[in-house]
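What follows is a single structure, written as structure tokens, with notes after it.
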Amino acid sequence: MFRDKFQTRTPQDDLLDKVIEIKRVTKVVKGGKNFKLSAAVVVGDGAGRVGVGHGKAGEVAIAVAKGREQARKSMSKVSVGRTIAHQTVARFSASQVILKPASPGTGLVATLPVRAVLEVCGFKDVLTKSLGAHTAYNLAMATIQALKSVRSLEETARLRNKPISYFMERKDASEE
């Protein structure tokens, strides 16, 4: 499969990385044009740590290595499970991502950059919608921001000083 072609395990810390975009960039100077390659890479451990990096170089392998190193340095922690706890929306630059919880067996319904972030985090079932610009790096960053804003049921109960059973009970309209 195409997705698995760019997926590797890095030896340090046993991290999973995925290349989400490789493009050729050009700088016009007085003497002509300078060509370089730009690579966007997502790195995660499959247990809730994820980072996105961007590297530029004259060769693909070097650009990917630079992006991987930057992603490893920018890793952050998100709460992970089979799916997310609640719907969330996040923006980064001109890209907007909506993440929704999904029932077991649904899988990851997402575009390539969003799917890459969710896979390296360790999620199995999430529904997504991307709006605005579809730049791979911006979508990946928006996804990470959305995942950081998700709170688990235990965390919400702790912040509100309520037992978890308070959120699990179904309240009728007549009782209120």
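Every number here is computed from the coordinates shown, using simple stated rules; none is lab data. What you see is a predicted model; the values in this text were computed from it and never measured. Glycine gets a Cβ as well: all are built from the backbone with ideal geometry, and neighbour counts include every protein chain shown.
Below are the figures for this structure:
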{"read-out": "Answer from Ala47, Ala61, Ala40 - the residue that is surrounded by fewer than 22 Cβ atoms within 10 Å (Cβ to Cβ) and touching a residue at least 24 places away in the same chain (Cβ under 8 Å)", "value": "Ala47"}
{"read-out": "Selected residue [polar (S, T, N, Q), in contact (Cβ under 8 Å) with a residue 40 or more places away in the chain and exposed (fewer than 15 other Cβ atoms within 10 Å of the Cβ)] from Ser79, Ser93", "value": "Ser93"}
